[in-house]
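The values are calculated or read from the model by the stated rules, or taken from the named source; none is laboratory data. None of the values given here were measured: they were computed from a predicted structure. A quick note on method: Cβ atoms are made from the backbone with ideal geometry, for glycine too, and the neighbour counts reach across all protein chains shown.
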Amino acid sequence: MGSCHIYWIFLIYQIDSFYAYISQLHFISRIFQMISPIAMQRTLLAVFISLLLLFSAASAEAQQRFTADQKQSLQGIPAFLLVVEFEENTVETDGLNRAALEIEVAQRLRRAGIRLMNEVEWSRQPGVPYLYVYLNTVRSELGFYSYRAEVRFKQEVIPVRNNGISSIATTWETGSLGFIGVNRVDTLKPEILALVDEFLIDYRQVNRPGRSPR
(Lines give C-alpha, C1' and ligand atoms only; values in the text may rest on other atoms or scores of the structure.)
Protein backbone atom coordinates (compact mmCIF):
# COMPACT_ATOMS: atom_id res chain seq x y z
CA MET A 1 0.00 0.00 0.00
CA GLY A 2 1.29 3.46 -0.82
CA SER A 3 2.01 5.43 2.30
CA CYS A 4 2.51 9.04 3.32
CA HIS A 5 6.06 10.13 2.95
CA ILE A 6 7.74 13.11 4.54
CA TYR A 7 9.34 15.30 1.88
CA TRP A 8 13.06 14.59 1.65
CA ILE A 9 15.11 17.71 2.28
CA PHE A 10 18.62 16.31 2.41
CA LEU A 11 21.72 18.08 1.02
CA ILE A 12 24.38 15.53 -0.04
CA TYR A 13 27.91 16.81 -0.51
CA GLN A 14 30.33 15.17 -2.92
CA ILE A 15 32.74 13.11 -0.88
CA ASP A 16 35.84 14.15 -2.76
CA SER A 17 34.99 17.85 -2.23
CA PHE A 18 34.31 17.17 1.43
CA TYR A 19 37.66 15.41 1.72
CA ALA A 20 39.49 18.33 0.09
CA TYR A 21 37.85 20.78 2.49
CA ILE A 22 38.66 18.80 5.62
CA SER A 23 42.24 18.26 4.45
CA GLN A 24 42.78 22.01 4.63
CA LEU A 25 41.99 22.17 8.34
CA HIS A 26 45.24 22.78 10.19
CA PHE A 27 44.56 20.78 13.33
CA ILE A 28 44.00 17.49 11.49
CA SER A 29 46.17 17.99 8.42
CA ARG A 30 49.00 15.92 9.91
CA ILE A 31 46.65 13.01 10.55
CA PHE A 32 45.42 13.13 6.97
CA GLN A 33 49.00 13.08 5.70
CA MET A 34 49.40 9.68 7.32
CA ILE A 35 46.34 8.25 5.54
CA SER A 36 46.23 7.60 1.82
CA PRO A 37 43.63 9.60 -0.17
CA ILE A 38 41.93 6.42 -1.38
CA ALA A 39 41.60 5.04 2.14
CA MET A 40 40.22 8.35 3.39
CA GLN A 41 37.71 8.59 0.55
CA ARG A 42 36.52 5.06 1.28
CA THR A 43 36.16 5.95 4.94
CA LEU A 44 34.14 9.05 4.13
CA LEU A 45 31.97 7.04 1.75
CA ALA A 46 31.21 4.60 4.57
CA VAL A 47 30.35 7.52 6.86
CA PHE A 48 28.02 9.01 4.26
CA ILE A 49 26.24 5.70 3.75
CA SER A 50 25.85 5.31 7.52
CA LEU A 51 24.38 8.81 7.77
CA LEU A 52 22.03 8.01 4.92
CA LEU A 53 20.77 4.93 6.75
CA LEU A 54 20.27 6.95 9.92
CA PHE A 55 18.29 9.61 8.06
CA SER A 56 16.23 6.90 6.37
CA ALA A 57 15.41 5.29 9.71
CA ALA A 58 14.47 8.63 11.24
CA SER A 59 12.28 9.47 8.27
CA ALA A 60 10.53 6.10 8.43
CA GLU A 61 9.74 6.65 12.10
CA ALA A 62 8.41 10.15 11.38
CA GLN A 63 6.40 8.75 8.51
CA GLN A 64 4.63 6.31 10.82
CA ARG A 65 3.60 9.24 13.00
CA PHE A 66 2.31 11.17 10.00
CA THR A 67 -1.44 10.51 10.19
CA ALA A 68 -2.79 12.71 7.38
CA ASP A 69 -4.33 10.50 4.72
CA GLN A 70 -3.01 11.89 1.45
CA LYS A 71 -4.79 9.44 -0.79
CA GLN A 72 -8.19 11.01 -0.12
CA SER A 73 -6.97 14.04 -2.08
CA LEU A 74 -6.80 11.82 -5.19
CA GLN A 75 -10.48 10.92 -5.16
CA GLY A 76 -12.65 12.00 -8.07
CA ILE A 77 -9.80 13.02 -10.39
CA PRO A 78 -10.13 10.97 -13.61
CA ALA A 79 -7.58 12.98 -15.63
CA PHE A 80 -4.50 15.09 -15.03
CA LEU A 81 -1.23 16.32 -16.54
CA LEU A 82 2.03 14.37 -16.30
CA VAL A 83 5.33 16.21 -15.79
CA VAL A 84 8.68 14.37 -15.67
CA GLU A 85 11.74 16.47 -14.83
CA PHE A 86 15.46 15.81 -14.30
CA GLU A 87 17.35 18.46 -12.34
CA GLU A 88 20.67 17.55 -14.01
CA ASN A 89 21.22 16.34 -17.58
CA THR A 90 24.44 14.42 -16.88
CA VAL A 91 22.42 11.41 -15.78
CA GLU A 92 21.01 11.15 -19.31
CA THR A 93 24.53 11.00 -20.72
CA ASP A 94 25.22 8.06 -18.43
CA GLY A 95 22.18 6.09 -19.59
CA LEU A 96 18.90 7.28 -18.05
CA ASN A 97 16.71 8.91 -20.71
CA ARG A 98 14.07 11.32 -19.43
CA ALA A 99 11.79 11.01 -22.48
CA ALA A 100 11.83 7.21 -22.32
CA LEU A 101 11.00 7.31 -18.61
CA GLU A 102 8.09 9.67 -19.28
CA ILE A 103 6.69 7.26 -21.88
CA GLU A 104 6.82 4.35 -19.43
CA VAL A 105 5.20 6.36 -16.65
CA ALA A 106 2.44 7.49 -19.05
CA GLN A 107 1.81 3.88 -20.11
CA ARG A 108 1.43 2.81 -16.48
CA LEU A 109 -1.04 5.59 -15.79
CA ARG A 110 -3.13 4.86 -18.88
CA ARG A 111 -3.26 1.14 -18.06
CA ALA A 112 -4.73 2.18 -14.71
CA GLY A 113 -7.55 3.96 -16.55
CA ILE A 114 -6.20 7.48 -16.07
CA ARG A 115 -6.56 9.92 -18.92
CA LEU A 116 -3.58 12.20 -19.40
CA MET A 117 -4.29 15.75 -20.49
CA ASN A 118 -2.21 18.05 -22.66
CA GLU A 119 -1.16 21.42 -21.28
CA VAL A 120 -3.95 23.36 -23.01
CA GLU A 121 -6.69 21.10 -21.63
CA TRP A 122 -4.99 20.97 -18.24
CA SER A 123 -4.88 24.77 -17.92
CA ARG A 124 -8.69 24.81 -18.20
CA GLN A 125 -9.26 21.94 -15.78
CA PRO A 126 -10.68 22.84 -12.34
CA GLY A 127 -7.95 22.37 -9.76
CA VAL A 128 -5.23 22.04 -12.47
CA PRO A 129 -4.07 18.65 -11.09
CA TYR A 130 -0.80 17.11 -12.24
CA LEU A 131 1.57 14.30 -11.35
CA TYR A 132 5.15 15.49 -10.93
CA VAL A 133 7.96 12.95 -11.31
CA TYR A 134 11.29 14.48 -10.31
CA LEU A 135 14.89 13.27 -10.17
CA ASN A 136 17.77 15.25 -8.69
CA THR A 137 21.29 13.87 -9.06
CA VAL A 138 24.82 14.97 -8.16
CA ARG A 139 27.68 13.26 -9.98
CA SER A 140 30.86 12.67 -8.00
CA GLU A 141 34.35 12.38 -9.45
CA LEU A 142 34.62 9.13 -7.49
CA GLY A 143 32.29 7.46 -9.99
CA PHE A 144 28.89 7.53 -8.34
CA TYR A 145 25.73 9.61 -8.15
CA SER A 146 23.88 10.77 -5.08
CA TYR A 147 20.21 11.03 -6.00
CA ARG A 148 16.75 11.94 -4.78
CA ALA A 149 13.68 10.68 -6.65
CA GLU A 150 10.20 12.01 -5.93
CA VAL A 151 6.66 11.51 -7.14
CA ARG A 152 4.19 14.20 -6.10
CA PHE A 153 0.59 14.94 -6.94
CA LYS A 154 -0.12 18.66 -7.07
CA GLN A 155 -3.36 20.54 -7.37
CA GLU A 156 -5.07 23.77 -6.43
CA VAL A 157 -6.05 23.98 -2.78
CA ILE A 158 -8.08 26.50 -0.80
CA PRO A 159 -7.15 27.25 2.84
CA VAL A 160 -9.95 26.65 5.32
CA ARG A 161 -9.20 29.93 7.07
CA ASN A 162 -9.68 31.95 3.87
CA ASN A 163 -11.64 30.45 1.00
CA GLY A 164 -11.06 33.57 -1.06
CA ILE A 165 -7.52 32.52 -1.99
CA SER A 166 -6.02 29.42 -3.56
CA SER A 167 -2.60 28.02 -4.42
CA ILE A 168 -0.97 24.97 -6.00
CA ALA A 169 0.20 22.51 -3.35
CA THR A 170 1.41 18.94 -3.03
CA THR A 171 -1.38 16.73 -1.70
CA TRP A 172 0.31 13.35 -2.16
CA GLU A 173 4.00 12.45 -2.25
CA THR A 174 6.55 9.69 -1.94
CA GLY A 175 10.26 9.46 -2.64
CA SER A 176 13.61 7.78 -2.17
CA LEU A 177 17.27 8.74 -2.09
CA GLY A 178 20.64 7.05 -2.12
CA PHE A 179 23.88 6.43 -4.00
CA ILE A 180 24.44 4.59 -7.27
CA GLY A 181 27.41 3.94 -9.55
CA VAL A 182 27.57 5.93 -12.79
CA ASN A 183 27.48 2.68 -14.77
CA ARG A 184 24.21 1.66 -13.09
CA VAL A 185 22.06 4.77 -13.50
CA ASP A 186 19.65 2.80 -15.69
CA THR A 187 18.55 0.96 -12.55
CA LEU A 188 17.03 4.22 -11.31
CA LYS A 189 14.21 3.74 -13.82
CA PRO A 190 12.59 0.75 -12.04
CA GLU A 191 13.02 2.55 -8.72
CA ILE A 192 11.15 5.60 -10.02
CA LEU A 193 8.49 3.39 -11.61
CA ALA A 194 8.03 1.67 -8.25
CA LEU A 195 7.26 5.08 -6.73
CA VAL A 196 4.68 5.64 -9.47
CA ASP A 197 3.17 2.27 -8.57
CA GLU A 198 2.82 3.47 -4.97
CA PHE A 199 0.82 6.39 -6.28
CA LEU A 200 -1.38 4.10 -8.37
CA ILE A 201 -2.15 1.86 -5.39
CA ASP A 202 -3.52 4.80 -3.43
CA TYR A 203 -5.24 6.25 -6.49
CA ARG A 204 -7.09 2.99 -7.19
CA GLN A 205 -8.21 2.65 -3.59
CA VAL A 206 -10.11 5.95 -3.67
CA ASN A 207 -11.24 5.73 -7.30
CA ARG A 208 -12.73 2.26 -7.50
CA PRO A 209 -15.47 1.71 -10.10
CA GLY A 210 -18.85 2.58 -8.66
CA ARG A 211 -17.42 4.52 -5.75
CA SER A 212 -19.09 7.90 -5.47
CA PRO A 213 -17.17 10.97 -4.29
CA ARG A 214 -17.78 12.03 -0.71
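Given the conditions (1) under 18 Å from the mean Cα position of the chain (by Cα); (2) surrounded by 15 or more Cβ atoms within 10 Å (Cβ to Cβ); (3) not in a helix (DSSP H, G or I), report the number of the one that Ala169 does not fulfil.
(2)
Scanning for something under 17 Å from Pro190 (Cβ atoms), of a type outside the set (A, V, I, L, M) and surrounded by fewer than 16 Cβ atoms within 10 Å (Cβ to Cβ), does the stretch 111-134 turn up at least one residue?
Yes; the residues of the stretch 111-134 include at least one that is under 17 Å from Pro190 (Cβ atoms), of a type outside the set (A, V, I, L, M) and surrounded by fewer than 16 Cβ atoms within 10 Å (Cβ to Cβ).
Taking the stretch 172-197, which residues are closer than 20 Å to Pro78 by Cβ and either more than 12 Å from the chain's Cα centre (by Cα) or part of a strand (DSSP E or B) (or both)?
Trp172, Asp197 - these are the residues of the stretch 172-197 that are closer than 20 Å to Pro78 by Cβ and either more than 12 Å from the chain's Cα centre (by Cα) or part of a strand (DSSP E or B) (or both).
In the stretch 77-89, what count of residues is obtained for those that are surrounded by 13 or more Cβ atoms within 10 Å (Cβ to Cβ), outside any strand (DSSP E or B) and touching a helix residue (DSSP H, G or I) at 6+ places or on another chain (Cβ under 9 Å)?
So the count comes out to 1.
I want to confirm something. Restricting to the stretch 133-164 and keeping residues that are over 22 Å from the mean Cα position of the chain (by Cα) and aliphatic (A, V, I, L, M), which single residue is farthest from Ala79 (Cα to Cα)?
The extreme case among them is Leu142.
Please tell me if Ile103 is within 21 Å of Glu173 (Cβ to Cβ) and either in the same structural domain as Pro190 (by TED's automatic domain parsing) or touching a residue at least 12 places away in the same chain (Cβ under 8 Å) (or both). If you could, list the steps in order and put the result at the bottom.
Numbers: within 21 Å of Glu173 (Cβ to Cβ): no; either in the same structural domain as Pro190 (by TED's automatic domain parsing) or touching a residue at least 12 places away in the same chain (Cβ under 8 Å) (or both): yes.
Spelling it out, it is not the case that Ile103 is within 21 Å of Glu173 (Cβ to Cβ) and either in the same structural domain as Pro190 (by TED's automatic domain parsing) or touching a residue at least 12 places away in the same chain (Cβ under 8 Å) (or both).
Looking at this structure, is Asn136 polar (S, T, N, Q) and either over 26 Å from Lys71 (Cβ atoms) or in a loop (DSSP other than H, G, I, E, B) (or both)?
For Asn136, the condition - polar (S, T, N, Q) and either over 26 Å from Lys71 (Cβ atoms) or in a loop (DSSP other than H, G, I, E, B) (or both) - is not met.
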